[in-house]
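The values are calculated or read from the model by the stated rules, or taken from the named source; none is laboratory data. Owing to the predicted nature of the structure, the values given are computational and were not obtained by experimental measurement. Note that each Cβ is placed from the backbone with ideal geometry, even for glycine, and that neighbours are counted across all protein chains shown.
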Amino acid sequence: MPAFHPADPVVPVGPVLSMFDPVFLGVDEFGLPVYESLIYRNLLAGGEPGAGKSGLLNTICAHAALATDTRLCLLDAKTVELGLWQDIADVFVGPDLPHATATLRRLQQVMDNRYAWLRAGKRRKITRTDRLSVIVVVVDEIAYYSATVGTRADQEEFSALLRDLVARGRACGLIVVAATQRPSVDIIPTSLRDIFGYRMAFRCTTYISSDIVLGHGWAAQGYTAHTIAATDSSRGIGWLIAEGGTPRKLRVAYLTDDQIAYLVDYATRIRHHLSVPDLRIAAAAPAAA
């Protein structure tokens, strides 16, 4: 695929996407497309390595990159799962817990600024017409930051900050999408899991692990990811539960490295020609950031 270059004289047609639009996630058991609205919501994914979590994260990143009203903030300890989106992201955090914690603190400040702005206008949440950018925070492998590196106090601070963003960020346009290979209670405590409006369980080793992601009791009703076959043909299959709903099985979309590179080039170019301002997240963001 040819790459796009900001200096080219021809301006490509923009995709006219927004994070206020439903996001394409994949197809269901009947081959029908599955769209879910992520605005005012958060999503948690869990499952074994290679089960398809990165496919879900990259599909959401693709929509966010093509939505010119959106800013991406990426945390990826391996650096390669989300690394191809680095050029389009405001912030990219690798295997660096202090950087990750500092980034969440900055996002917390932006969140507080936005709520002050909403309160001043006697409002409860942002809308599409406010023309405020939606901030999508994508965390690949929570466990690295919350349980693997650093001191216990550092890990607890990261977890507390992430929980705060998930709990309070929705109405001000801050969406958290997080994934982990270890869906256990020490990585995903109930107090954190239950405030994610959307949860998706990919292949798990036990029904208990599946229930930790989806919620207690779903395995007993037949909605369990531990029965998904450990084969290449089953990669990307998982159970998605939305707020107050019943789990539904789907296969998430998959983007190749070349397709992601193409989308990043394209997104960079349409944002450049739309005169999108510098979207770096400032530590002391003015007004609503």
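Count, please, the residues in segment 120-137 that happen to be buried (at least 16 other Cβ atoms within 10 Å of the Cβ) and over 21 Å from the mean Cα position of the chain (by Cα).
1
Checking residue 58 against (1) surrounded by 24 or more Cβ atoms within 10 Å (Cβ to Cβ); (2) touching a strand residue (DSSP E or B) at 6+ places or on another chain (Cβ under 8 Å); (3) closer than 20 Å to residue 145 by Cβ, which single condition isn't satisfied?
(2)
Residues in segment 34-64 that are in a strand (DSSP E or B) and either of a type outside the set (Ser, Thr, Tyr) or touching a residue at least 24 places away in the same chain (Cβ under 8 Å) (or both): how many?
6
Take the residues in segment 138-157 that are crowded, with 24+ Cβ neighbours inside 10 Å and among the aliphatic types (A, V, I, L, M), then tell me which one is modelled with the lowest pLDDT.
Per the criteria, the residue is 142.
In contact with a Ser or Thr (Cβ under 6 Å, 6 or more places away or on another chain) and under 30 Å from residue 269 (Cα atoms): does that describe residue 138?
The answer is no for residue 138.
Are any of the residues in segment 84-91 without any contact (Cβ under 8 Å) to a residue 60 or more places away in the chain, under 16 Å from the mean Cα position of the chain (by Cα), closer than 27 Å to residue 240 by Cα and not in a helix (DSSP H, G or I)?
Yes.
May I ask you to say which residue of 102, 143, 64, 89 is of a type in the set (A, V, I, L, M) and more than 19 Å from residue 42 (Cβ to Cβ)?
Of 102, 143, 64, 89, the one residue that is of a type in the set (A, V, I, L, M) and more than 19 Å from residue 42 (Cβ to Cβ) is 102.
Which residues, counting only those in segment 94-138, are among the small types (Gly, Ala, Ser) and farther than 29 Å from residue 56 by Cβ?
Across segment 94-138, the qualifying residues are 116, 120, 121.
Can you spot a residue in segment 44-57 that is over 15 Å from residue 176 (Cα atoms), modelled with pLDDT under 95 and of a type in the set (D, E, K, R)?
There is at least one residue in segment 44-57 that is over 15 Å from residue 176 (Cα atoms), modelled with pLDDT under 95 and of a type in the set (D, E, K, R).
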